[in-house]
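Written out below as structure tokens is the structure these notes cover.
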Amino acid sequence: MKKVLEDEKKQIPNKIITVQVNSSIKIKGKNREYYVEFINMTHSIPHTAMIALHTKEGIVVYGNDFKIDNTPVLGDKPNYKALNRISKQGVKVAIIDSLYCGSETKTPSEKIARNMIEEVLLTVRNEKAAIFVTTFSSHIARLKSIVEFGKKLDRKIFFIGRSLERYMSAASRINLVQFRKDVELKTYKNQVSSALRQVSKNREKYMVVCTGNQGEPGSILTRISSGQLPYKIEKGDNIIFSSRTIPTAITIANREKLEKSLKTKGARIFTDVHASGHLSREDIRDLIEMVNPKHIIPIQGDLATLTPVAELGKEIGYEVGKNMHMMQNCETLEVSK
């Protein structure tokens, strides 16, 4: 977080307190003291925590941006012991990530995404073609897999893009990963141009990991496709999207535009080489039954996204307006029971 604030030249008035997963802190309120617990969970970024706010009225669980992954590539699986404990203590309200509740399945483990990366990278048929891989820059576990299988191809690996450098450097500083030595980071304009010229001359010798998985206008992959950088996509070049398109109108449009541009140049495109970092319907069911909250507030999305949680809650015994609350931004809720 500190690195992001520095890079964006932003400041916040609040004091930043560093905490570890599976730890806790006390926060003094106006007339009372709160105990805040950070329960280890799994997601597409490391050190993800579910926050449990302990109050005299019961525990409020804040569970946004996480999944239930029992075989993570990086880090530990969810802390089920802590989840069971807070359930026994009494969870008053659970605020739950609902982004993919409409998907009636269980979200696959990151181990599955690793297998998909292996399958795609190690079966590239045209060995003289270029390989470009794009994923979320914060997805350190995914980058770890990409690098490991890229090394098996005996290709030099370039990481191109400032956000990749930011997260890669941060992960290396805290010894979260050890593959910094296996890649060359390229961030500045002259570095990027020089690296892409090298790739253009010897496509079979390099693998490029770059920004652009959502088709962002300023990203490396978009600028390559639009001719703003010194690399020309040729027929047979492999473009691997190790991500899912974020379901917003502008992002969907950006990705469609990028893929269409790449296809017209003859690129071979692999999409959805990915496992989500968010719960699907059956994971949400498991979580609700694990922590047994008296009230549920689904979050992260519009009404169409939140509605499947209400439908799932009805199956379990919750009722909209009684103990299932469909909230909008800036609304408040007073829970009496």
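Restricting attention to segment 213-331, lysine pairs at least eight places apart or on different chains and with alpha-carbon atoms under 26 angstrom apart total 12. Between T271 and K2, the distance separating the two model label sites (each 7 Å from Cα on the Cα→Cβ line) works out to 4.1 nm.
Rolling a 1.4 Å probe over the protein chains gives R166 an accessible area of about 40 Å². For the pair K106/I17, report the inter-label distance in nm, with labels modelled 7 Å from Cα in the Cβ direction. My value for the distance between the label points is 3.6 nm. Estimated at the nearest 10 Å², the accessible area of E282 is 60 Å² with a 1.4 Å probe.
To the nearest 10, the accessible area of C330 is 140 Å² with a 1.4 Å probe. Summarising the strand pairing of the chain, around 35 percent of its internal DSSP beta bridges are antiparallel.
Between L333 and R162, the modelled label-to-label distance comes to 3.9 nm, taking each label 7 Å out from Cα in the direction of the beta carbon. For K111, the lysines whose Cα comes closer than 23 Å to its Cα, not counting residues fewer than 8 places off in the same chain, are K67, K77, K81, K144, K151, K152. The chymotrypsin sites (Phe, Trp or Tyr not before Pro) of segment 230-318 include none that meets both criteria, a DSSP state outside H, G, I, E and B (loop) and at most 15 other C-beta atoms within 10 angstrom of the site's C-beta.
Taking R0 as 30 Å, what FRET efficiency do you get between T251 and N31 from their Cβ-Cβ distance, rounded to the nearest 0.05?
Details: r = 44 Å, r/R0 = 1.45.
Result of the calculation: an efficiency of 0.10.
Go through E289, E104 and list them by solvent-accessible area, largest first, probe radius 1.4 Å. Please list the in-between numbers first.
Working: E289 110, E104 145 Å².
My answer, sorted largest first, is E104, E289.
The values are calculated or read from the model by the stated rules, or taken from the named source; none is laboratory data. Since we're looking at a predicted model, the values are computed, not measured. Please note: Cβ atoms are built from the backbone with ideal geometry, for glycine as well, and neighbour counts cover all protein chains shown. Protein only, heavy atoms only, side chains kept; ligands, DNA and RNA dropped before computing areas. Shrake-Rupley method; radii C 1.70, N 1.55, O 1.52, S 1.80 Å.
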